[in-house]
Amino acid sequence: MIKGNIFICALASIVLAWGCDKIEANENGLYEEYAGSAITWSEGTSITTNAGKRVFLEKYTGPKCPNCPTADDSIHSAQRQFGNRLVVVAIHDYSSFGRPLGEIDLRTEKGDNWSSYFGVRNAGSYPSAIINRMHNDNTFDLFMPTTVLSDKIANALTSALSINMEVTSTLTANTTTIDVNIEFIQKVTDSLTLTIFVMEDSIIAPQTMPNGSRNQDYVHNHILRDVVTDIWGIPVYADGHEGSRRKAELKYTIKPEWNKEHCHIVAFVSNAATREVLNVAECKLSDNSEQFNE
Amino acid sequence: MNARADILYTNGPFSAGLRFEAYQKPMLGFDPRYEGQGIANYFASYQNDKLSVTAGNYYEQFGNGLILRSYEDRFLGIDNSLFGFSVNYRPWDGVTLKGIIGKQRFYWEYGKGFVRGLDAEVALNNIIKSWTESKTRITLGGGFVSKYEDNDVTIISRQNEYALYKLALPANVGAGSVRMELSHGGWGLQAEYAYKSQDPNEQNHYIYKNGDALFVSASYSQKGFSANLQAKRVDNMGFRSERNPNDKTGQMLYINYVPSITKQHTYAFLSMYPYATQTTGEMGLQGDLMFKLKKETLLGGKYGTDIHINTAVITSLDTSTIGGMGTDGYTSPYFGPGDLYYGDVSVEIARKLSGKSKITATYGYVVFNPIVEGHAGHLHHNNIIVCDYTYKINKKNVLRMEAEWMGSDSKYDVLVDDKRCGDWVMGLVEYNFTSAFFISLSDQYCYHDGIGNYPNVSIGYTRKASRLQIGYGKQREGIVCIGGVCRQVPASNGLTFSLTTSF
């Protein structure tokens with residue numbers, strides 16, 4: 001019975017030593033490390049060189065999805081055609097296709113929440129994509145991005161430009177200061193939200209290929225790493241009048257396991273009710289020049 | 001299609017087992033994340049008179065489950081099994097010590113939280129020699145469970161505010177409980193009190209209030225009579241091994257279980273609005289009375305009459321909000337009931353009419369607040385009458401007929417789309433023949449203020465430990481609850497087939 005006593009004693013030590021943590025409230029009765037200091041809104045500046053409409057394409061994918069590399073080829077081809085007018089993010093969700101094939105797990109809870117909300121998880125069809133979170137009747141306009149995307153992207157680019165956006169990132173050690181400038185070109189009366197996320201390129205991890213084989217050294221690009229704001233964004237503190245400008249500034253600490261050289265910051269403004277994206281901007285994490293080449 | 005096979009091997013004190021599960025695709029009403037197949041659970045264990053040790057997947061419960069209950073219910077699609085080690089040690093007669101450590105199953109994966117727990121139970125009559133023969137039996141117990149989950153920064157933005165907030169989250173959340181069980185002759189008293197430390201999570205909207213729960217049950221029984229009174233109060237006691245498990249069913253990764261004190265009705269209309277335990281906060285009472293009117297009396301008739309009366313009332317807590325996320329959330333007086341969630345009363349009278357026939361008549365009244373299922377709306381008041389008649393033709397042939405009526409003040413609203421609303425009638429005829437086969441025909445029809453007609457036919461065959469059942473018909477969208485834990489069942493129309501066997 002000595003074994004049993006030892007086991008019980010060991011468990012007792014573990015459970016009692018680290019049983020529960022108590023968080024003390026601050027003077028205002030709040031259990032927060034900081035409040036209200038993370039983001040500041042101020043008068044924005046005019047956007048000139050980075051003005052114009054861009055298109056936001058979300059691709060829902062996974063290592064166990066054999067058709068996803070075909071979609072990557074198709075998206076890569078579209079990027080060559082549209083340059084940085086096309087901003088792409090690849091989201092690995094918690095579906096069976098998203099399960100990692102090795103130790104590198106590219107899934108995020110926040111991305112999975114998006115996947116569920118837009119109906120990707122329910123439809124169970126991978127790869128799935130959505131442009132600017134647009135609707136088709138009463139559902140989100142999901143499609144399989146394995147064919148030519150030119151028409152869909154070109155159509156989205158021709159829609160009216162209501163806001164200009166630019167984002168910059170200034171990295172100091174592991175903390176970046178993100179600035180998002182928003183300029184209203186047309187009057188917007190709808191409630192808007194600003195969403196900011198981090199994505200990473202050039203991650204080497206296994207992927208199931210279209211012929212069923214496994215490519216151990218597949219290069220995964222545009223991988224969603226974290227959503228800096230709430231996944232549905234934070235309210236855009238602006239009156240929405242034509243010509244008005246607002247600037248949001250916040251700080252974010254990059255996780256050490258991410259390759260800073262390959263990370264990008266993406267910011268987009270969307271309609272708070274319909275989720276439809278009005279415009280999007282992207283910049284590299286490690287320098288403060290926005291990637292925007294005509 | 002859902003399928004599973006449990007395989008168990010035992011050799012002396014050693015045993016090992018595994019469960020193969022296949023969901024291709026999961027049946028309607030089961031979470032799509034079950035899709036797939038493979039070995040879902042496996043374990044190896046050693047057991048002797050004093051010690052049992054299990055490695056792998058296991059199920060365990062401390063007391064009533066207020067701080068720990070890992071369990072599995074295939075009909076609800078729940079498997080909260082722990083994967084790790086468990087030890088159960090009985091150093092002396094009447095003393096049981098339990099220890100567990102592991103992660104919880106989450107569909108085909110495991111939750112992020114790491115669960116550790118200890119429990120001790122002492123049966124005083126076994127360890128105090130002079131109490132051995134005492135008519136009064138006392139058992140005392142207590143346990144502690146702790147969950148560890150990485151306190152990744154959670155940044156939130158409050159409604160109508162333009163600032164971001166970063167919450168300081170506790171990585172370790174603990175819950176402890178004390179309990180006692182006392183019996184003296186036909187009398188019994190059982191009580192358990194549990195307390196949980198700060199556990200900000202998605203379900204409680206990231207408030208930092210401590211949780212607690214009290215469960216008390218008193219009973220008395222003697223030949224031909226039994227009475228039971230139960231009370232409980234639950235405040236912020238949802239205890240899950242992940243703060244935000246992204247689980248729409250709301251049932252996975254629960255470490256604890258709050259017992260239901262409402263009767264689990266078996267008749268269709270009485271169970272049409274089952275009550276789901278509200279772990280965020282509720283309080284309630286249940287009374288249950290069973291007695292037998294003696295045979296060969298005026299009221300009891302030739303064979304005697306069984307009467308079963310049950311009533312329950314559950315309310316929310318009377319809360320005063322003091323803040324939102326990142327605060328203590330609310331306060332509530334301990335004995336202050338809030339809004340009515342659920343109430344029911346049922347009277348069941350069962351009497352044998354002859355050596356071959358038996359009739360059971362039931363009247364029930366149910367009040368249901370749709371807020372429990374997340375809908376706004378008025379209280380539903382339902383009156384239900386059930387008549388159940390069984391006729392034993394001979395040893396191998398039995399005919400059973402059931403008629404039900406439900407009158408309700410609820411009306412079908414296309415926006416809410418609750419197809420249970422309205423006034424209903426139901427008929428069922430079931431014929432068991434050769435002790436092995438049965439055929440059942442039923443129809444539920446909403447004749448007023450609602451919509452729906454749900455005919456069903458079902459044929460089954462039972463032989464030894466095998467049962468085969470084929471059904472065809474239409475099923476109404478609804479909620480299925482077992483022990484206060486519920487699963488949404490979507491509307492369906494078609495063929496069902498089920499086969500269970502053991503050897």
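The values are calculated or read from the model by the stated rules, or taken from the named source; none is laboratory data. Keep in mind that this is a model prediction, so the values were computed, not measured. With ideal geometry, Cβ positions are generated from the backbone for all residues, glycine too; neighbour counts draw on all protein chains shown. Only protein heavy atoms, including side chains, enter the accessible area calculation; ligands, DNA and RNA are left aside. Shrake-Rupley method; radii C 1.70, N 1.55, O 1.52, S 1.80 Å.
Residue by residue along B:166-176, Cβ atoms of other protein chains within 10 Å of the local Cβ number 5 on average. Per the Debye formula with a single identical scatterer at each Cα and no solvent contribution, what log10 I(q)/I(0) holds for region B:49-259 at q = 0.11, 0.12, 0.14, 0.15 Å⁻¹? Summing over Cα pairs of region B:49-259 leads to -0.61, -0.71, -0.91, -1.01. Distant-in-sequence amide contacts of residue A:276, defined by a placed amide H-H separation under 5 Å and a gap of 5 or more residues or a different chain, comprise A:271.
Measuring spread by the Cα atoms of the protein assembly as shown yields a radius of gyration and Dmax of 30.4, 100 Å. Per the Debye formula with a single identical scatterer at each Cα and no solvent contribution, what log10 I(q)/I(0) holds for region A:35-284 at q = 0.13, 0.15, 0.16, 0.17 Å⁻¹? Once normalised to I(0) and log-transformed, intensities are -0.80, -1.07, -1.21, -1.36.
Mean projected area of the Cα convex hull of region B:371-418, taken over all directions, amounts to 5.3 nm².
When B:237, B:27 are compared by accessible area at a 1.4 angstrom probe, the order from most to least is B:27, B:237. Here the Karplus curve 6.51 cos²θ - 1.76 cosθ + 1.60, taken at θ = phi - 60°, turns the phi angles of region B:217-225 into couplings of 9, 10, 9, 9, 8, 8, 4, x, 8 Hz, with x standing for Gly and Pro. Excluding ligands, DNA and RNA and using a 1.4 Å probe, chains B and A jointly bury around 4100 Å² of accessible surface, summed across both partners. Using θ = phi - 60° in the Karplus curve 6.51 cos²θ - 1.76 cosθ + 1.60, the 3J(HN,Hα) couplings for region A:193-201 round to 10, 10, 10, 10, 9, 10, 10, 10, 9 Hz; x is entered for Gly and Pro.
Based solely on its DSSP helices, what 222 nm [θ] is calculated for the protein assembly as shown when runs of n ≥ 4 H residues each add -39,500 (n - 2.57) and the sum is averaged over all residues, nearest 500 deg cm²/dmol?
Roughly -2000 deg cm²/dmol at 222 nm, from the helical runs in the protein assembly as shown.
Under the simplified labelling scheme, the residue B:150-residue B:465 pair shows an inter-label distance of 4.4 nm, with each label point 7 Å from Cα along Cα→Cβ. Among the GluC sites (Glu not before Pro) in region A:196-260, those located in a DSSP loop and surrounded by at most 15 other Cβ atoms within 10 Å of their own Cβ are A:242, A:257. So which residues in region B:110-135 end up with at least 40 square angstrom less accessible surface once the other protein chains are there, compared with the chain by itself, probe 1.4 angstrom? Buried-area filter returns B:116, B:118.
For region A:133-197, the set of trypsin sites (Lys or Arg not before Pro) satisfying both a DSSP loop assignment and a count of at most 16 other C-beta atoms within 10 Å is given as A:187. Computed from the alpha carbon atoms alone, the convex hull of region B:362-447 holds 115 Å³ per residue. Solvent exposure of region B:46-144, expressed per residue, is 43 Å² of accessible area, with all protein chains present and a 1.4 angstrom probe.
Take A:172-180, B:353-361 and order them by the average number of nearby Cβ atoms within 10 Å per residue, most first; the result is A:172-180, B:353-361.
If you sort the three axes of the alpha carbon gyration tensor as a ≥ b ≥ c, you get a/c under 1.5 for chain B, which makes it rounded. Out of region A:54-113, which GluC sites (Glu not before Pro) are coil in DSSP terms and have no more than 16 other C-beta atoms within 10 Å? Of the GluC sites (Glu not before Pro), the ones in loops of region A:54-113 whose Cβ has at most 16 other Cβ atoms within 10 Å are A:103. Counting only protein chain heavy atoms and rolling a 1.4 Å probe, the accessible areas of B:340, B:285 rank, largest first, as B:285, B:340.
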